[in-house]
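What follows draws every value from the coordinates through simple rules; no lab data is involved. Predicted model only: the values in this text are computed from it and were never measured. Positions of Cβ are backbone-derived with ideal geometry, glycine not excepted, and every protein chain shown enters the neighbour counts.
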Amino acid sequence: GQNIDQPTEMTATEGAIVQINCTYQTSGFNGLFWYQQHAGEAPTFLSYNVLDGLEEKGRFSSFLSRSKGYSYLLLKELQMKDSASYLCAVSPNYGQNFVFGPGTRLSVLP
Amino acid sequence: DAGVTQSPTHLIKTRGQHVTLRCSPISGHKSVSWYQQVLGQGPQFIFQYYEKEERGRGNFPDRFSARQFPNYSSELNVNALLLGDSALYLCASSGGTGATYGYTFGSGTRLTVV
């Protein structure tokens, strides 16, 4: 089977750093994606990891450990507009039938 | 450039009815995928089409069907609607079939079945 776990909700303060974890168990692995989704809107692409290590992109970084089936998304210098759901998704094969986690709803407080 | 466009944006249907949802991919994208997102959950894969051929199908009943047209636009059809079909239906387009291409999602169609 395919299973992806993320915390359901997280709360952090404006200007702080938050780490959103994702663990996965899938039949195969061809890459891990993070998407941001504001309420009522479409998911938007944040990052892609296929090799172990850290990928940094501005205030956002994503880490992958394939041996541990683990990834995290790191958000620095949090802003109010970062309040959204963050979706972890794994591509189990070369095709594009991504398996999504349940999403982590992040609330950034002033 | 226009992004992925979906229509309609909102829809209310009665149990047992049929619905057709439409999606136009980004110009030049030949792959279209459909996802169902129930409130509070992550998207679930329904179908992927590439060059008008079905390339993948998720764990959904036969009431769900789709097709892709020569201009790469796509339709998702759902027959005999159930209350549990109420969800946000997302269409995503991509330049290819590999994971490295990633997705660009449309804003979705919010379907409510009453």
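Highest GNM mean-square fluctuation among A:LEU32, A:LEU87, A:LEU78, for chain A modelled with Cα contacts below 10 Å: A:LEU78. Remark: mean inter-chain Cβ contacts per residue of A:36-46 equal 4, using a 10 Å Cβ-Cβ cutoff to other protein chain atoms. Annotation for B:THR5 and A:ASP52: the two label points, set 7 Å from Cα along the Cα-Cβ direction, are 4.7 nm apart. When only alpha carbons are used to place a centre, the range B:22-88 and the range A:38-52 end up 19 Å from one another. Using Cα positions and a limit of under 26 Å, work out the lysines in reach of A:LYS57, with same-chain residues fewer than 8 apart set aside. Excluding near neighbours in sequence, the set is A:LYS68, A:LYS76, A:LYS81. Averaged over the residues of B:103-110, the number of partner chain Cβ atoms lying within 10 Å of the residue Cβ comes to 4. Inter-chain Cβ neighbour count for A:26-32, averaged per residue, equals 1 (cutoff 10 Å, partner chain atoms only). Rg over Rh for the protein assembly as shown works out to 0.97, using Cα positions for both radii and the Kirkwood form for Rh. The chymotrypsin sites (Phe, Trp or Tyr not before Pro) of the range A:1-102 meeting both criteria, a DSSP state outside H, G, I, E and B (loop) and at most 13 other C-beta atoms within 10 angstrom of the site's C-beta, are A:TYR94.
Please express the shape of the range B:3-84 as an equivalent ellipsoid: the semi-axes are the square roots of 5 times the eigenvalues of the C-alpha gyration tensor, given largest first in whole angstrom.
Result for the range B:3-84: semi-axes of 21, 14, 13 Å.
List the lysines whose Cα sits under 26 Å from the Cα of B:LYS30, skipping any in the same chain fewer than 8 residues away. Hits, sequence-local ones excluded: B:LYS52.
A crude spin-label estimate for the pair B:ARG63 and B:ASN79, with each label 7 Å from Cα along the Cβ direction, gives 1.2 nm.
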